[in-house]
Amino acid sequence: MEQTSQEEIWKSKFGEDYTLRNDYDNKGLDEVYEKYLNISRTAMNQEFIGNLDREMRILEVGCNIGVQLINLQEMGFTDLFGIELQPHAVELSKQKTKGVNIIRANAYDIPFKDGYFDLVFTNRVLIHMNSDKIKFALKEIVRCTNNYIYGSEYYADEFTEVKNYRGKDNVLFKRNFPKLYSELFPELKLVKEKKYKCTFNDDVDITFLFQKNK
């Protein structure tokens, strides 16, 4: 697939700057979530996937330096993988993580076989994907999991572009991502979803968990 303009942006200094702004340890990640959403990331994960097998194989799509994977590791999950487009983030992840497998790849061509993972998840990554091509990324996510899909993304009732995101247009989009999954892949069963209101503006995050019907 031809590289999208969004991929070009995230592979550039714009993406490197994002990585530098979000260089948290696990404690810092929880504090940021508590500040912005009134819930820690650990508590959110516990609510959605806390009852799942700690030995299940998990992939994060768009993992940046691996902070979300470190959070899962701290919760006891042991078989963790990540793919990331930003070269600098992948290199930095090797310093930040231990026992986590992070490689450079993109969501439109995930380099793992069908059903290789028990759970595939994204965290504020789908919001940055090309609106015309996102269905291909979702298809790859669905292809690579044999069971669960987990996500946390910015929410809007209707597709909405956020203009002038850090000086750029066409890089941030809100929508009803669970609805999009359900429309494209009727074989998925929505297990749980929940909206979280931002503490200082009208933004809303939506977190969701799907399971494949077997």
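Assorted remarks:
- One chain, two ends: residue 136 and residue 53. Fully extended at 0.36 nm per residue, the span grows by 27.0 nm beyond their Cα-Cα distance.
- Using a Förster distance of 35 Å, the FRET efficiency for residue 22-residue 184 (Cβ separation, nearest 0.05): 0.75
- Theoretical FRET efficiency, 1/(1+(r/R0)^6), r = Cβ-Cβ of residue 160 and residue 212, R0 22 Å, to 0.05: 0.15
- Shape call, the chain: gyration tensor on alpha carbons, a/c limit 1.5: rounded
- Placing a label point 7 Å from the Cα of residue 8 along the Cα-to-Cβ direction, the residues of segment 109-144 with a backbone N closer than 17 Å are 129-133.
- Across segment 151-159, computed HN-Hα scalar couplings (Karplus, 6.51 cos²θ - 1.76 cosθ + 1.60, θ = phi - 60°) run x, 9, 9, 5, 10, 8, 4, 10, 4 Hz from first to last residue, x flagging Gly and Pro.
- Choice from 39, 141, 70 showing the highest fluctuation, given a GNM over the chain with Cα pairs closer than 10 Å: 39
- Residues whose amide H comes within less than 5 Å of that of residue 121, counting only those at least five positions distant or on another chain, are 59, 60, 61, 150 (H built at 1.01 Å from N in the peptide plane).
- Structure-based [θ]222 nm, the chain - -39500 (n - 2.57) summed over DSSP H runs of at least 4, per residue, nearest 500: -9500 deg cm²/dmol
- P(r) weight above 23 Å for segment 80-164, C-alpha pairs, percent: 28 percent
- Of 24, 165, 181, the residue with the greatest mean-square motion in the GNM of the chain, using alpha carbon springs below 10 Å, is 165.
- The local environment of residue 77, defined by Cβ-Cβ distances under 12 Å, has a net charge of -4 under the rule Lys, Arg +1 and Asp, Glu -1.
- Sites count as exposed loop sites when they are GluC sites (Glu not before Pro), lie in a DSSP loop, and have at most 13 other Cβ atoms within 10 angstrom; the longest stretch of the chain without one is 56-157.
- Loop-located trypsin sites (Lys or Arg not before Pro) in segment 62-151 whose Cβ has at most 11 other Cβ within 10 Å (DSSP): 98, 113
- Averaging Cα coordinates gives a centre for segment 149-189 and one for segment 1-73; these two points are 16 Å apart.
Bear in mind that the values in this text are calculations on the coordinates, not laboratory data. This is a predicted model, so every value here is computed, not measured. Cβ atoms come from the backbone with ideal geometry, glycine included; neighbour counts cover every protein chain shown.
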